[in-house]
Structures are given as structure tokens and as C-alpha cells.
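First up is the structure itself, then whatever we jot down about it.
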Amino acid sequence: MSLQPPIPRVSGFTLVRNAQILDFPFFESVESLLPLVDELVINCGDSQDETQLICKSLAEKHVGKIHILNTVWENKNQTGGFQLKAQSDAAMKACRGQWLFYIQADEVLHENDYPQIQTAMAYADEIPEVDGLVFDYLHFYGNYAYTCKGRNWYRREVRAFKNGRGIESFRDAQGFRKGGQRLQALPSQARVFHYGYVRPLASLKTKKQEMSQWWGETPPTETSEVTLSRPIGLTPFRETHPHTMSKKISNNKILVDPSRCPRRWNAQEIKNALTLFWEKLVPIRLGEYRNYELLTRHKD
């Protein structure tokens, strides 16, 4: 019987700004990552709420494990989400581990997936050509009972990768690349629970107003209405959520039931409908945007 290779030293990193104003599950996100890392770097941007206090409380709870970078984000002349890349890279450069594990403020890991993650990381560490690990995404929409699938919802993304390879955040830091090239990645067989669209409509509007500044877009006006539609690919979720989300879910505010929302037929939704129909016949997404090349894991 062969022994499993040791798990390498791992640094986690994340960034956050205005966590309360934007209603991010940031505390839950950090708590879900901490069991998998030896240290965690938090880029805490200048905020108009108590985000800094949240970061401080996490550091005090996990003494010696969390390092906070207090940063000022440049909000002038921002386009394409560049500031998100710049701040992600700043947090990454402060990490000291052999492996880096990135998580965004609205992403949470499930404790049931920890063994798969650790096994995949140890396995990939032994293969020089592998840069990192790809995670499957569950995009929750409207409330905690529904996920959404479609061409405009990315199916996978790299969240753990080897340090010291010249890897940087790409564009708005959704993913990472090396010298502009896609990363060579293995499947982790683990999930990322993405809660970016689980919020009351008022909070959704606030998020759009806040995020528009990083994209050079015109924010919604005070009088404009922000609504959700019932998208193609809306799917009931009948499994368990991460344990760190239990309190937030039980105390959730009034959320939207997307199954009762009207449909909005446009070019994007037609593409989603055609894509999902095609994938039922052939499990390949043509022309999919990817920051990685998915490698096949050899059977033991």
C-alpha cells in the first residue's frame, strides 16, 4: 500500500471592502477556508462600515494565523475590474506558502469537501507540470434554495495553485494565468458555493452601485429599480450548505423567490437555452471561457 504524499504548506488569501454594506458572507467565507491553510492573508480595503473590525476580530480569534493588509483602493479612472486584480495580487505577494488558496468574499467552501481538496493538493504537488486545481461552482440565485446554470455562469475556476510560478490574477481576478497563458490544472473534485446573487433587492442595488466604479460603468440611480428575473437554468438545490453558513441562512433577510420572477427573453437567455439543450446531448460547452486547461488525473 502506497503512502499519500504529505500536504504542502498552504497560504490562503482574500480581499474585502465594505463587507457589511455589500452584505458579503465574508466571515463565513474566511472560516470555511481556515481549516485548509497554514496562514491567511486578508487584504482589507478602506471601507465605510465595520469591515476592518470584522477582520480584526477574525485575527484575534485565530491568533498568529491571519495577517491583515490595510490598503487604500484607487477608485479614479477604473475600468475592467483592474483594481480587483491589483488588490488580489497585493495579497498574493504577501503569502509564504508552497501553495496558494484564493477565495472571494462571497465564496464559501463545504467542510465535506476538505478531504478531496487535501488529497488533490498532495497529488498535484508531486506532478511538476500541474499548476493548480479547478473547483466546480454552485452559483446561488435569489435565495439559498436555487442555483443557476448557463453560459454566462462559469462552471469551474482555479482556486488553489502552486506559488513561485509567476502566476497572477487575470483581468478582474475571477481567475489566474501565468504569463497570460492558461494554467494547467487538475480537477479538485470539490465545490465553491457562490452567494453573490443571494441578497435582498435593495442590497443587490447597493452592490451594483458599488461595483460599477471598478468597471467604469454608470451605476443605477437612486430612483432606478433593480429586479431579478427567472433565468433559464434555474435549479432547486436539495443538498446541504456549508456549516459556516448555518447561522446566516437561519437569520436571512427577506430574499427573492426566483421561481416566481418573470422571464426576460434576450440574446443571452436564448444562448443559455441552446447551450443547456446542447449539453444534455453532448457534455461539452463550445467556446467556453476558461483560465485553465483541464488535465486528466491518472487512476491510482
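The values are calculated or read from the model by the stated rules, or taken from the named source; none is laboratory data. If you're wondering where the values come from, they're calculated on a predicted model, not measured in any experiment. Heads up, the Cβs are rebuilt from the backbone with ideal geometry, glycines too, and the neighbour counts pull from every protein chain shown.
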### Task
Looking at (1) surrounded by 14 or more Cβ atoms within 10 Å (Cβ to Cβ); (2) closer than 30 Å to ASP125 by Cα; (3) in contact with a strand residue (DSSP E or B) (Cβ under 9 Å, 6 or more places away or on another chain), find the lone condition where GLU293 falls short.
(1)
### Task
Would you mind stating whether ALA185 is touching a Gly at 6+ places or on another chain (Cβ under 6 Å) and modelled with pLDDT of 95 or more?
yes
### Query
Looking only at residues in region 146-170 that are hydroxyl-bearing (Ser, Thr, Tyr) and in a strand (DSSP E or B), which one is farthest from GLN268 (Cα to Cα)?
SER169
### Query
Filtering region 84-101 down to residues that are among the aliphatic types (A, V, I, L, M) and surrounded by fewer than 23 Cβ atoms within 10 Å (Cβ to Cβ), which residue is nearest to the chain's Cα centre (by Cα)?
LEU84
### Task
Specify the residue that is surrounded by the fewest Cβ atoms within 10 Å (Cβ to Cβ); the eligible residues are those in region 231-246 that are at pLDDT below 95 and of a type outside the set (A, V, I, L, M).
GLY233
## Note on the structure
Of the residues in region 225-247, those that are out of contact with any strand residue (DSSP E or B) (no Cβ under 7 Å at 6 or more places or on another chain) and farther than 26 Å from ILE270 by Cα number 6
### Task
List every residue pair whose Cβ atoms lie under 8 Å apart, where the two residues are 6 or more positions apart in sequence or sit on different chains, the first residue falls within region 140-168 and is in contact (Cβ under 8 Å) with a residue 40 or more places away in the chain and closer than 15 Å to ASN291 by Cα, and the second residue, located anywhere, is polar (S, T, N, Q) and part of a strand (DSSP E or B).
ARG159/SER188; ALA160/SER188
#### Entry: Residue in region 169-199 that is farthest from TYR137 (Cα to Cα), counting only those that are without any contact (Cβ under 8 Å) to a residue 60 or more places away in the chain and surrounded by fewer than 16 Cβ atoms within 10 Å (Cβ to Cβ)
GLY179
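For (1) closer than 29 Å to GLY45 by Cβ; (2) among the charged types (D, E, K, R), each residue gets a yes or a no:
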position	(1), (2)
TYR102	yes, no
GLU107	yes, yes
ASP113	yes, yes
ALA120	no, no
ASP125	no, yes
TYR137	yes, no
ALA145	no, no
LYS149	no, yes
GLY166	yes, no
### Task
Tell me, yes or no, whether region 181-201 has at least one residue that is of a type outside the set (Val, Ile, Thr), outside any helix (DSSP H, G or I) and touching a Pro at 6+ places or on another chain (Cβ under 7 Å).
yes
### Query
Among the residues of region 121-143, how many are of a type outside the set (A, V, I, L, M, F, W, C), closer than 26 Å to ARG9 by Cβ and surrounded by fewer than 21 Cβ atoms within 10 Å (Cβ to Cβ)?
6
### Task
Consider THR218 carefully, then state whether it is farther than 22 Å from TYR154 by Cα and modelled with pLDDT of 95 or more.
no
### Message
Condition first: more than 10 Å from the chain's Cα centre (by Cα) and of a type in the set (Phe, Trp, Tyr). Now tell me which residues in region 102-134 satisfy that.
### Response
TYR114, TYR123
### Query
If you check every pair at least six apart or on different chains, which have Cβ atoms under 8 Å apart with a residue in region 211-224 that is among the small types (Gly, Ala, Ser) first and a residue that is assigned to a loop (DSSP other than H, G, I, E, B) second?
SER212/THR218; SER212/PRO219; SER212/PRO220; GLY216/ASN77; GLY216/GLN78; GLY216/THR79; GLY216/GLY80
### Query
Taking region 12-49 on its own, how many of its residues are over 17 Å from the mean Cα position of the chain (by Cα), more than 23 Å from LEU201 (Cβ to Cβ) and among the charged types (D, E, K, R)?
3
### Message
Being at pLDDT 90 or above, within 25 Å of the chain's Cα centre (by Cα) and crowded, with 16+ Cβ neighbours inside 10 Å is the filter here; which residues of region 256-276 pass it?
### Response
VAL256, PRO258
